[in-house]
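For reference, the structure discussed in these notes is given below.
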């Protein structure tokens, strides 16, 4: 009997180890909120391993945060100690290692800033206890250190997810246990820590994926076992735990067969059928007109519109079959018509629309193939790049000391600030989900091994 028990426990232990769930969640290919690169509307950003944030491209509203409104065609230093960055056509936000959210650029009535503040040309402190941020021109969504999701801004078709269709200047809680969020023009996607996918907001073109075209002002469950998401325009994409890509919404991408003249509306997640079992992340660009897909082996595939060379294949041909354009990719971002990527050797590459210098190669010429911008991202040594756009770069540049006087969070009314920070005992840092699961799996297996040894001891003793 004891021998049979011993065999059963061994088989059970091995099976349990094999079945341990490991959700590695990514949003817009930017991992767990610590994005290294970002290509937004005509501006691009990169975080060096030393924590320094660099930006280039359009700066007419102060989007680059260098204290000026001068466009930059090569990278310029913005601030230090940064772990994540997010930007849209009007403003930019960054999260520092102490989980503080900073904002700069242009603000209107529908942004989560105090009334009367129009333009911030340098980083201004906005909110504490933040680990991830996603935004569009009028809405900001943040994940806090306790895993709760909060939103602020203009509520278009329920896009804030607060179930009241009310535009608000201050952040309001949406839901708990969130590990990733992706915000599009009028809808949003979020992954909870159990791998479930939720969506809310505008749905006239099926972009929520709930099988209807009805707007939702609060999160609705869409799918399970999701590991990566991307929302852009009225289109959505997700990668499931089995590394399969799903898409839905207004199919400007022409991803699925369609006999009609107009792009079809897909109201439920539909398998795209590209490199199934190999996909690790996805990024939609240009209102969902093109897509970048990364595979386990580091390959980068592109598909869709190629008007500005954003597919990176040098052809200028749109909607050709998905094709590999580069190897050894560790991170990629392309929210509009410009794409930036980091390869395994630490070099930074860019291609696509360069009208405002978003490529960062010192020109305004569109690049239909990847161009190397920096080759130093593999090193944690401090990054120093001269700004060829301006002879007085040192005078215009910022350092961390310059940020101390720009603390917008101090201007919030006390009751509003308390509403956001309603848990004084919350941890300063939310554990990474994969690390927690891995630790739990190791502990579980260790306990089983101890049990096996005990049973084996008694079996041996009985035989003697």
Residue hits (the range 173-209; surrounded by fewer than 17 Cβ atoms within 10 Å (Cβ to Cβ) and either more than 18 Å from residue 144 (Cα to Cα) or modelled with pLDDT under 95 (or both)) are 196, 204
Search result, residues across the range 32-55 that are part of a strand (DSSP E or B) and either farther than 17 Å from residue 122 by Cβ or modelled with pLDDT under 90 (or both)
37, 38, 39, 44, 46, 47
If you go through the range 174-204, how many residues are more than 24 Å from residue 225 (Cα to Cα) and not in a loop (DSSP other than H, G, I, E, B)?
0
Of the conditions (1) out of contact with any strand residue (DSSP E or B) (no Cβ under 7 Å at 6 or more places or on another chain); (2) more than 20 Å from residue 95 (Cβ to Cβ), residue 137 fails just one. Which one is it?
(2)
Filtered residues of the range 274-303 (kept if at positive phi and either free of Cβ contacts under 8 Å to residues at least 24 places away in the same chain or out of contact with any strand residue (DSSP E or B) (no Cβ under 9 Å at 6 or more places or on another chain) (or both))
277
Return yes when residue 283 is closer than 19 Å to residue 233 by Cα and crowded, with 23+ Cβ neighbours inside 10 Å and no when it is not.
yes
crowded, with 21+ Cβ neighbours inside 10 Å, touching a residue at least 40 places away in the same chain (Cβ under 8 Å), assigned by TED's automatic domain parsing to the domain that holds residue 271 and farther than 22 Å from residue 266 by Cα: is that true of residue 152 in this structure?
yes
Find the residue count for the range 297-354, including only residues that are at pLDDT 95 or above and in contact with a helix residue (DSSP H, G or I) (Cβ under 8 Å, 6 or more places away or on another chain).
0
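Here is a list: 252, 262, 245. Which entry is touching a residue at least 40 places away in the same chain (Cβ under 8 Å) and under 25 Å from residue 157 (Cα atoms)?
Numbers: 262 fails: touching a residue at least 40 places away in the same chain (Cβ under 8 Å); 245 fails: under 25 Å from residue 157 (Cα atoms).
Sole residue among the options that is touching a residue at least 40 places away in the same chain (Cβ under 8 Å) and under 25 Å from residue 157 (Cα atoms): 252.
The values are calculated or read from the model by the stated rules, or taken from the named source; none is laboratory data. These numbers were taken from a predicted model, which means no experiment stands behind them. As a convention, Cβ positions derive from the backbone with ideal geometry for all residues, glycine included, and neighbour counts pool all protein chains shown.
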